[in-house]
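The values are calculated or read from the model by the stated rules, or taken from the named source; none is laboratory data. Everything quoted here is computed from the prediction, not taken from an experiment. Glycine also receives a Cβ, built like all others from the backbone with ideal geometry; neighbour counts cover every protein chain displayed. We work out accessible area using only protein heavy atoms, side chains counted, and drop any ligands, DNA or RNA first. Shrake-Rupley method; radii C 1.70, N 1.55, O 1.52, S 1.80 Å.
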Amino acid sequence: MSDNHLDRDVLNSLQEIMEDEYPVLLDTFMTDSEERLRLLHLAEKHQDAVEMRRAAHSFKGSCSNMGARALAESCRELEELARRGELDESAQLVARIQREFAILRILLKSERQRFPAA
């Protein structure tokens, strides 16, 4: 697993804490992340700094909790841009977040396959 995208130590800790619910956590994170991405795209389309900041902040927190460092950092950057109302670069940052999530999705699907279907 790529440490640049996903911190294996964080996942190991989560697995230890969550025990049998760990696969559910992975599934929930993936589902929630898809919704957060949708909200980011919508906020970017409408150039809504308030909604963009909220969505980026929420996504940043869940990514941090899952050990998705690069994705959390991109969300932090977008949150900060939106907080300042500087949306000129928001489309590029949302695209970067989308690409990073695509990588993360592959890594987490691989992680999820280690466990029988819940």
Just to be sure before I move on: is ARG53 touching a Phe, Trp or Tyr at 6+ places or on another chain (Cβ under 6 Å), part of a helix (DSSP H, G or I) and not β-branched (Val, Ile, Thr) in the structure I sent? no
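Return the only residue of VAL10, VAL50 being among the β-branched types (Val, Ile, Thr) and within 17 Å of the chain's Cα centre (by Cα).
Values: VAL50 fails: within 17 Å of the chain's Cα centre (by Cα).
None of the other options fit; the residue is VAL10.
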Keeping to the range 78-108, report how many residues are free of Cβ contacts under 8 Å to residues at least 40 places away in the same chain and either touching a Leu at 6+ places or on another chain (Cβ under 6 Å) or open to solvent by 100 Å² or more (accessible area, probe 1.4 Å) (or both). 9
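Considering only the range 16-36, state which residues are open to solvent by 50 Å² or more (accessible area, probe 1.4 Å) and either under 17 Å from PRO116 (Cα atoms) or among the hydrophobic types (A, V, I, L, M, F, W, C) (or both). Let's see the steps before the verdict.
Residues of the range 16-36 open to solvent by 50 Å² or more (accessible area, probe 1.4 Å): 16-21, 24, 27-28, 31-32, 34-36.
Result: GLU16, ILE17, MET18, GLU19, ASP20, GLU21, VAL24, ASP27, THR28.
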What are the residues in the range 22-50 that are among the basic types (Lys, Arg) and not in a helix (DSSP H, G or I), if any? none
Candidate set: the range 1-46, residues that are in contact (Cβ under 8 Å) with a residue 40 or more places away in the chain and among the polar types (S, T, N, Q); chosen: the one nearest to HIS57 (Cα to Cα): SER33
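Only one residue in ARG54, ARG114 is at pLDDT below 95 and among the basic types (Lys, Arg), so which one is that? Full working, then the answer.
Values: ARG54 fails: at pLDDT below 95.
None of the others qualify; the one that does is ARG114.
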